[in-house]
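**Q** Please read through the structure below; I'll follow up with questions.
What follows draws every value from the coordinates through simple rules; no lab data is involved. Since we're looking at a predicted model, the values are computed, not measured. In this analysis, Cβ positions are derived from the backbone assuming ideal geometry, glycine residues included, and neighbour counts consider all displayed protein chains.
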Amino acid sequence: MVQNDFLWGGALAAHQFEGGWNSDGKGPSVIDVITAGAHGKPRVIMDEIKEEVFYPNHEAIDFYHRYKEDIALFAEMGLKCLRTSIAWARIFPMGDEEEPNEEGLAFYDRVFDELLKHGIEPVITLSHFEMPLHLAKKYGGFRNRKVIDYFEKFAETVFERYNGKVKYWMTFNEINNQMDTKNPLFLWTNSGVTVAEGENPREVMYQVAHHELVASAKAVIAGKKINPDFQIGCMISHVPIYPYSCDPEDIMAAEEAMHERFFFADVHVRGNYPRYALKELERNGFVLDISEDDLDVLKKGTVDYVGFSYYMSTVVKAGTENQAKDIVNGGLANSVSNPYLEVSDWDWAIDPVGLRYSLNRLYDRYQLPLFIVENGFGAIDRLEEDGSIHDEARMAYLSAHIEALKKAVDYDGVELLGYTPWGIIDLVSFTTGEMKKRYGMIYVDRDNEGNGSMKRYKKDSFEWYKKVIQSNGDDI
Ligand code: BGP
C-alpha cells in the first residue's frame, strides 16, 4: 500500500500537447523546426520554418484552446496531480529579452488555476525538450554561458509568478538523453546544440552538460530563495542495463554502461563530478571550461528529489561491436535483446520488474525521495464505431508496473512521492513525431498528417485508472 498522499497523476509536455505554437506572442522553440518522422523516417531538424512543411508540434492536440475541457476529463479520472512543462518561448519568446511576455504567463495562470479548482496539483518541468529557437541560433544554445543566465532568469520569473500555485518543480527533462550523441535530436532539444564537422561530439556534450548542470543548480538556489518549501527535483531517463550473462566481463560492461544513466543525477544530487566522469575526461584529453564558482554553485544547488522516466530495460554483452539500435527502438550501444521479455510495437522491452529494480538502485544510490514522472505503453489504438477504444495491452502494462512500484514501497522500503503515467491524453510522440504511437487513456481524433476532428474519447483504461486512484492502488 502506498501512503495516503501518494501523487497519482498523469504526465505531459508543453510542446507535445499544447499547440498554439505562435499564439499570444509565443516565439518559435527548437522543437518547432522539427518535422514529423512518420513511416519509419527519422525526424529532421530544419533551418527555418517553411510553410509547405507539416510540423506536428505546431498544433499538437490543441490543449492551448481546449484546456478546460481536458482538465475536466483529468478531474473526472480523479488525478491528484498533473505533470506538465512550461514552454520557455511563451514566457521569453526570444529568450534574451528584459521583460517576460505577459500573455504567456497569463496562460499558465489560467491552466494552474483550473487544475487547482479541481484539486489537481501541478508538477512542473521548467524545460521539457525546448528552449527559444533564437537562443540556439544566436548563442549556440547551452554551448554558451550566457544561456545559463537566460535560463536562470526564466526560472526565477516563473518561480515568482506561480509561487503559491506550484510546489513541485523539475529543472530539465531527461537531461541525460543527450549522452547519446548518435541521435542529433537529443542534443538539439535538450540544449539547442548541433555538432559541427570535425568536432568531437562527446567533448561538446560534456561542455554543454556542464553549463546545463550549472543552470539547473542556479535555478534550485533561486527557487529556494523565493520559497524554501519548493520541492525542486531533477529528471532523468532511466533505462536499466542488465549484463547478458554472469560472465564477470558482462557484469563489468553493464556496470560501466550504467554510468551513462547515472552521470547527470550523480551531479544533481551530490553536487560534484563522479570519479568515472573525471577519469573519462582525463583519458580523452577533454579540457572543459569549469570555474571555481561553477563548482560552488553545483555544491549549493543540489536537488530535493529524483524524478525519472521508466519505460524499459536493456541488455549489454561485453565485447559486442556496436549493434546499436537507436533509442527509438529501445536499444543503446552494444545492446542485445532480452530473451525473457516481450517488446512493444516499437521494440521497447516490457519489464515491470525492472521498475522495482530501478527504484531500489536509485534509492540506494541517492537516499532521496523518488518520483516516477513517466511510464507508459506506446501503441496503435483502434477507435471503434461506437466511440470505444479497447486498450487491454496498455492496462496490462500499467497494472504490472503499479504492482512493481507497490512492492518497491511496501516490501523494499523505497520512498516514492508519486506516479504520473506518460501521455495521460494522446499527444505527439517525441522520438517519431507521430500521433499513431499513442499513450493516452483519452483518445484524440488526429492522425500523423494532422487530419481529424480533435474530438476526445475515453479509452477503457480511463475507467480502469480512475478505480486505481480511488482505491489508492489496491484495485489494479
Ligand atoms: C520520453 C520523453 C517524452 C515522451 C516519452 C515517450 O523520452 O520525456 O517527451 O515522448 O519519452 O517517447 P515517445 O513519445 O518517443 O514514444
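**Q** Kindly work out what percent of the DSSP beta bridges joining two residues of the chain are antiparallel, to the nearest 5.
**A** Bridges in the chain that DSSP calls antiparallel: roughly 20 percent.
**Q** State which entries of Lys80/Lys117; Lys167/Lys225; Lys137/Lys182; Lys117/Lys153; Lys225/Lys300 exceed 18 angstrom in Cα-Cα distance in the structure shown.
**A** Checking Cα-Cα distances, Lys137/Lys182; Lys117/Lys153 exceed 18 Å.
**Q** Hey, another quick one. Could you tell me whether region 1-50 comes out rounded, prolate or oblate from its Cα gyration tensor? Rule is a ≥ b ≥ c as square roots of the eigenvalues, rounded for a/c under 1.5, then prolate if a/b exceeds b/c, otherwise oblate.
**A** In terms of gyration-tensor shape, oblate.
**Q** Now a separate question. Mind listing the phi-derived Karplus ³J(HN,Hα) values for region 169-182, rounded to whole Hz, using 6.51, -1.76 and 1.60 with θ = phi - 60°, and x for any glycine or proline?
**A** Using θ = phi - 60°, the values come out as 10, 9, 7, 10, 5, 5, 4, 7, 4, 6, 4, 7, 7, 6 Hz.
**Q** Sequence-distant or interchain residues sharing an amide H contact under 5 Å with Lys436, placed H: which?
**A** The answer is Asn448.
**Q** Further question on the same structure: Can you work out the Karplus-derived ³J(HN,Hα) for every residue in region 20-28? Use 6.51 cos²θ - 1.76 cosθ + 1.60 with θ = phi - 60°, whole Hz, and x for glycine or proline.
**A** Values, residue by residue: x, 5, 10, 7, 6, x, 5, x, x Hz.
**Q** If a/c stays under 1.5 just call it rounded; otherwise compare a/b with b/c (prolate if a/b is bigger, oblate if not). Do that for the chain, with a ≥ b ≥ c from the square roots of the Cα gyration tensor eigenvalues.
**A** rounded
**Q** Let's see if you can work this out: charge +1 on each Lys and Arg Cβ, -1 on each Asp and Glu Cβ, no other charges. What is the dipole magnitude of region 7-470 about its Cα centre, in debye to the nearest 20?
**A** Charge dipole, region 7-470, about its Cα centre: 760 debye, nearest 20.
**Q** With a/c under 1.5 counting as rounded, go ahead and sort region 25-157 into rounded, prolate or oblate using the C-alpha gyration tensor (a ≥ b ≥ c being the square roots of the eigenvalues; past the cut-off, prolate if a/b is larger than b/c, else oblate).
**A** oblate
**Q** Here is a follow-up. In square nanometres, what is the average projected area of the Cα convex hull of region 1-93?
**A** 8.6 nm²
**Q** Short version: ³J(HN,Hα) in whole Hz for each residue of region 55-71, in order, from phi by Karplus 6.51 cos²θ - 1.76 cosθ + 1.60 (θ = phi - 60°), x for Gly and Pro, what are they?
**A** Whole-Hz 3J(HN,Hα) from phi for region 55-71: 10, x, 7, 4, 9, 6, 10, 6, 4, 3, 9, 10, 4, 5, 4, 5, 5.
**Q** With a cap of 16 neighbouring Cβ atoms within 10 Å, and only residues DSSP puts in a loop, list the chymotrypsin sites (Phe, Trp or Tyr not before Pro) found in region 52-128.
**A** Phe54
**Q** A further question on this structure: Please give the calculated 222 nm ellipticity per residue for the chain, where each DSSP H segment of at least 4 residues contributes -39500 (n - 2.57) and the sum is spread over every residue; nearest 500 deg cm²/dmol?
**A** Value at 222 nm, helices only, nearest 500: -12500 deg cm²/dmol.
**Q** Any idea what the relative contact order of the chain is, in percent, if you count C-alpha pairs under 8 Å spaced at least 6 apart?
**A** Normalised by residue count, the contact order of the chain is 17 percent.
**Q** Taking amide H atoms as placed 1.01 Å from N in the peptide plane, list the residues 5 or more away in sequence, or in a different chain, whose amide H sits under 5 Å from that of Phe129.
**A** Those lying under 5 Å, H to H, from Phe129 are Asn173.
**Q** Under 5 Å between amide hydrogens, which residues at least 5 positions from Val123 or on another chain qualify, with H placed 1.01 Å from N in the peptide plane?
**A** Amide H to amide H, under 5 Å and 5 or more residues apart or across chains, Val123 pairs with Leu82, Arg83, Thr84.
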